[in-house]
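A.B. asks: This structure is in structure tokens; I'll ask about it shortly.
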Amino acid sequence: MPADARSGDEAEDYYAAVERHFVSLRGSPLFVSPAEWQLIHRWREAQIPLRVVKQGLEQAFANRKSHRPIRRLSYCRQTVEASYRRFREAIAGAGRAGPVTEERTAEGRRNVHDYLDRLITKLEAVRDGMTDVQSPMRQAMGRAVKQLSALNEASKEPLGLDELERELGALEAALIETAESVLEPEERAACREAAERSLHDYRSRMPKDVLESAVRSAYLKRVRSRFDLPALSLFYL
């Protein structure tokens, strides 16, 4: 699905949290540069969880070979992305340590299975709280619950994380599309205005394409919150 169709994390929080963490580690009050915003944008579009980015940044600073200060976020890129690869391997049980591979694989499947179980429970609770059984939103959530249940059964087999993430993304996009369709134009406009306000302080510092993507994600997050819809992504596992 298109990158801007993902509701994702609270976009403004992801960008701000990465910047704050890097600046605190660097010990300098200077903000990140436009090129560095592009790197943060790349990490977010790659669905790298915020906690993994923070761990990668901390490791980059801990492992530097000299006392020379780290001034650019790009210095940490390889460490952050290596941390993400290890994170994915741990989830998928793709460890190469021979005797523990089977154990890690089983643990990875359990993690995904339990996560999907929580998503199903959340969607069922939201759906059952809607009094109008004919509501398009309630019907869409019912379909999503059935599809998530099927995915959860499939998750007991060896995991294909990319395929599972695509399936979750398609389910989330369908739910958000329905949510947008049932909102009044005034409500959609209010969501858009709130998203733009939340990123106002970054308007002069972010590249235009990164800002537009962040505003779109922040808008979709607010549409989703109108119906208390959980984000459907392994990003949050």
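A.B. asks: Give me the distance in nm between label points sitting 7 Å out from Cα along the Cα-to-Cβ direction at ALA62 and ASP132, one decimal.
C.D. replies: 5.3 nm
A.B. asks: In the stretch 161-199, whose amide N lies under 18 Å from the spot 7 Å out along Cα-to-Cβ of SER225? List them in ranges.
C.D. replies: Zone members listed by number: 176-177, 179-180, 183-184, 186-199.
A.B. asks: For ARG197 and GLU163, what is the calculated FRET efficiency with R₀ set at 45 Å and r taken between the beta-carbons, to the nearest 0.05?
C.D. replies: My answer for the efficiency is 0.75.
A.B. asks: For ARG86 and GLU187, what is the calculated FRET efficiency with R₀ set at 45 Å and r taken between the beta-carbons, to the nearest 0.05?
C.D. replies: The calculated FRET efficiency here is 0.60.
A.B. asks: Each label point is 7 Å from the Cα along the Cα-to-Cβ direction; what then is the distance between the points at ALA174 and GLU107, in nm?
C.D. replies: Taking the two extended label points, one gets 3.4 nm.
A.B. asks: May I pose another question? For the pair ASP117/ALA154, report the inter-label distance in nm, with labels modelled 7 Å from Cα in the Cβ direction.
C.D. replies: 2.0 nm
A.B. asks: By how many nm would the segment from GLN139 to PHE31 grow when fully extended, if each residue of separation counts as 0.36 nm and the alpha-carbon distance is taken off?
C.D. replies: So the chain would gain 34.3 nm between GLN139 and PHE31.
A.B. asks: Just need the relative contact order of the stretch 3-236 here, percent rounded to a whole number, with Cα pairs under 8 Å and 6+ apart.
C.D. replies: For the stretch 3-236, the relative contact order is 29 percent.
A.B. asks: Once the piece of chain linking HIS21 and ALA125 is laid out straight, how much longer is it, given 0.36 nm per residue of separation minus the C-alpha distance between them?
C.D. replies: 33.9 nm
Only the coordinates and a few stated rules stand behind these numbers; no lab work does. From a predicted model like this one, the values you see are computed outputs, not experimental measurements. In this analysis, Cβ positions are derived from the backbone assuming ideal geometry, glycine residues included, and neighbour counts consider all displayed protein chains.
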